[in-house]
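Down below is the structure, laid out as structure tokens.
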Amino acid sequence: MWNLPNILTLLRIALIPVFVVVFYLDSVWAPYAAAAVFGAAALTDWLDGYLARKWNQTSPLGAFLDPVADKLMVAVALVVLLQADPRILIALPVMVIIGREITVSALREWMAEIGARAAVAVSALGKVKTTAQMISIVILILRESVFGPWTYGLGVVLLYVAALLTLWSMVLYLLSAWPSLSGRADQSNDSQPK
């Protein structure tokens, strides 16, 4: 249970309050430090999965914690970014991304209960979506700190790209699960959603 991939996942969860504290520090270096903390958490997301597969150290705990850690980190980062820039321009993609994560998590949980979890497994599109989210969030954390005002605009554009990919991947998950959701799959009546 206490293998390196799981430790990296737990580290990612532990970095969430560190990220929040650093984000709100009143210092010229705070955006850089917050972006570094978030970037380190994003790297552990890739690294823990890679190591778990390479070393054959997958575990039920890791399978549970990894998506939880990802969603917590992204949701917290999006909420603090929205608080820092409370415009509808930022609120729309934030609502889409967080709403999608709740929907897909509920869908996966329900599909697992009826023994059809593989129908809503993580796809390649989901990984592209996650990458776009991570890059956009890092840019938005930095705001105009690096290359000037256009940098923040690029972050907003990438956040909308991530939101569109998020919606598209959710549609694909729902289409995969539709036979079970519509009752067309070979499931008993007791397993149908209420």
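Conditions tested, residue by residue: (1) in contact with a Ser or Thr (Cβ under 7 Å, 6 or more places away or on another chain); (2) small (Gly, Ala, Ser); (3) part of a helix (DSSP H, G or I); (4) not assigned by the TED database to the domain that holds Gly155.
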| position | (1), (2), (3), (4) |
| --- | --- |
| Ile7 | no, no, yes, yes |
| Leu15 | no, no, yes, yes |
| Val18 | no, no, yes, yes |
| Ala35 | no, yes, yes, yes |
| Trp46 | no, no, yes, yes |
| Ala52 | yes, yes, yes, yes |
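Applying a threshold of 7 Å to beta carbon distances and a minimum spacing of six or more residues, or different chains, the list of pairs starting in the range 153-173 at a residue that is closer than 13 Å to Ile135 by Cα and ending at one that is of a type in the set (S, T, N, Q) reads Gly155/Ser136; Leu158/Ser136; Leu159/Ser136; Ala162/Gln133; Ala162/Ser136. Close Cβ contacts (under 7 Å, 6 or more residues apart or on different chains) running from residues in the range 27-48 that are free of Cβ contacts under 8 Å to residues at least 12 places away in the same chain to residues that are assigned to a helix (DSSP H, G or I) comprise Ala30/Val22; Ala30/Phe23; Ala33/Val22. Looking at the range 58-76, which of the residues that are at pLDDT below 85 and open to solvent by less than 60 Å² (accessible area, probe 1.4 Å) is nearest to the chain's Cα centre (by Cα)? If we take residues in the range 58-76 being at pLDDT below 85 and open to solvent by less than 60 Å² (accessible area, probe 1.4 Å), then Pro67 is nearest to the chain's Cα centre (by Cα). When you scan the range 1-46, how many residues do you find that are of a type in the set (S, T, N, Q), in contact with a Phe, Trp or Tyr (Cβ under 9 Å, 6 or more places away or on another chain) and open to solvent by less than 20 Å² (accessible area, probe 1.4 Å)? Selection size over the range 1-46: 0. Lys54 meets the stated requirement of being farther than 17 Å from Ala162 by Cβ, free of Cβ contacts under 8 Å to residues at least 60 places away in the same chain and open to solvent by 40 Å² or more (accessible area, probe 1.4 Å). Among residues of the range 59-82 that are in contact (Cβ under 8 Å) with a residue 60 or more places away in the chain, none has a Cβ under 8 angstrom from a residue that is surrounded by 17 or more Cβ atoms within 10 Å (Cβ to Cβ) and outside any helix (DSSP H, G or I) at a sequence gap of 6+ or on a separate chain. Here Trp150, Trp178, Trp110 are screened, and the one residue that is in contact with a Pro (Cβ under 8 Å, 6 or more places away or on another chain), modelled with pLDDT under 90 and either open to solvent by less than 30 Å² (accessible area, probe 1.4 Å) or part of a helix (DSSP H, G or I) (or both) is Trp110.
What residue, of Ile141, Ile135, is at pLDDT 85 or above, part of a helix (DSSP H, G or I) and either open to solvent by 30 Å² or more (accessible area, probe 1.4 Å) or assigned by the TED database to the domain that holds Ala63 (or both)? Selected residue: Ile135, the only one of Ile141, Ile135 that is at pLDDT 85 or above, part of a helix (DSSP H, G or I) and either open to solvent by 30 Å² or more (accessible area, probe 1.4 Å) or assigned by the TED database to the domain that holds Ala63 (or both).
The values are calculated or read from the model by the stated rules, or taken from the named source; none is laboratory data. What you see is a predicted model; the values in this text were computed from it and never measured. Don't worry about glycine lacking a Cβ; one is built from the backbone with ideal geometry, like all the others, and counts go over all protein chains shown. Accessible surface areas use protein heavy atoms only, side chains included; no ligands, DNA or RNA. Shrake-Rupley method; radii C 1.70, N 1.55, O 1.52, S 1.80 Å.
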